[in-house]
Structures are given as C-alpha cells and as structure tokens.
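Colleague: I have a structure I would like to understand better, so I am pasting it below and will then ask my questions one at a time.
The values are calculated or read from the model by the stated rules, or taken from the named source; none is laboratory data. For clarity, every value in this text was computed on a predicted model and none was experimentally measured. Positions of Cβ are backbone-derived with ideal geometry, glycine not excepted, and every protein chain shown enters the neighbour counts. Just the protein is used for accessible areas: all its heavy atoms, side chains included, with ligands, DNA and RNA removed. Shrake-Rupley method; radii C 1.70, N 1.55, O 1.52, S 1.80 Å.
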Amino acid sequence: YLLQYYQSFTIMTSGKTISENIKKARAKLGLTQDDLARKADIKYTTLTKVESGVVNKPSVQTMAKIAKALNVSIEDLTK
C-alpha cells in the first residue's frame, strides 16, 4: 500500500519539489545535512544527491527514513 501511495505522488511531483521540501523541513529543525543523514540513518552522499535533485525519485525506504527523521509524512515531502 505504501509503495502504491508513494508512487502515485512521485508521478505528480518533481524532484525539485521533494528536494526543496526536505531542505525547508531540515532548516526548520536547524539540522545540517550531516545531522539529518545521521538521524535518518542514510549516507550523507545519498542525502546530498536527493537535496540537490541529482536523485529525483529516491526510494520509498530513503523517503521514509528522511520523513521520520524530520518528523513529517512522506506526503508532506512530496507535495
């Protein structure tokens, strides 16, 4: 279910939207990229690629970890 839900949103959103939303949420919490990568238990390079839009369709697992670390829903990051 989560996969279908997420895929339906990725079709409607661009990588730019996701990257901007992650940056905004991270800044709101006063976290650096390194802080967020550690908190989300993902590689720093993965986070920087997602935030810069190099990876514009991150995996559901990556998005779930980032969303949890930012205390937001995946939907919040994709709208």
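Colleague: State which residue pairs qualify: first residue over 17 Å from Thr78 (Cα atoms) and inside the stretch 20-49, second residue open to solvent by 90 Å² or more (accessible area, probe 1.4 Å) and of a type in the set (Ser, Thr, Tyr) in any location, beta carbons under 7 Å apart, and separation of 6 or more residues or different chains.
Modeller: Matching pairs, first to second residue: Gln33/Tyr44; Asp34/Tyr44; Ala37/Tyr44.
Colleague: One residue is enough: does the stretch 43-63 have a residue meeting the conditions in a loop (DSSP other than H, G, I, E, B), modelled with pLDDT of 95 or more and either of a type outside the set (Val, Ile, Thr) or open to solvent by 30 Å² or more (accessible area, probe 1.4 Å) (or both)?
Modeller: Yes, the stretch 43-63 has at least one match.
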